[in-house]
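First up is the structure itself, then whatever we jot down about it.
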Ligand SMILES: [Zn+2]
């Protein structure tokens, strides 16, 4: 997912220069653009100044944190290839651990996991257990 995909799903997008934009926040009744979007090159950062959760904003435009996360992972992986930097063999395991961490943080925050999330979490737990 690129920042263009995010911007194409938002209203009242205004450039703020240097890979930054403002847009109407899709997660609340936003009269003036209070959603900040930033493209760091490897991931898209979104922030609502009215305090909406990133997950709610993503959900409102039909995306999940996995879209952002997958892109970051892909970019890191590609950067590793292009710079001919050998990624440590534990990278896949680190990704699985991070998935578990995110799921645990969601659960601790009182959020429920979707069936898809639970299925992915089970795969991650199995892989981490298998590697141990
Ligand atoms: Zn908002």
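The values are calculated or read from the model by the stated rules, or taken from the named source; none is laboratory data. Keep in mind the model is a prediction, meaning the values are calculated, not measured. As a convention, Cβ positions derive from the backbone with ideal geometry for all residues, glycine included, and neighbour counts pool all protein chains shown.
General observations
- Conditions (1) touching a helix residue (DSSP H, G or I) at 6+ places or on another chain (Cβ under 6 Å); (2) within 16 Å of the ligand (Cβ to nearest atom); number of the one not met by residue 60: (1)
- Residues being out of contact with any strand residue (DSSP E or B) (no Cβ under 9 Å at 6 or more places or on another chain) and at pLDDT 90 or above - total across region 20-47: 1
- Answer residue from region 1-12, given it is away from the ligand (no atom under 15 Å from the Cβ) and touching a strand residue (DSSP E or B) at 6+ places or on another chain (Cβ under 6 Å) and is modelled with the highest pLDDT among those: 7
- Residue pairs whose Cβ atoms lie under 9 Å apart, sitting 6 or more positions apart in sequence or on different chains, and linking a residue in region 43-60 that is touching a residue at least 60 places away in the same chain (Cβ under 8 Å) to a partner that is near the ligand (Cβ under 8 Å from one of its atoms), do not occur here.
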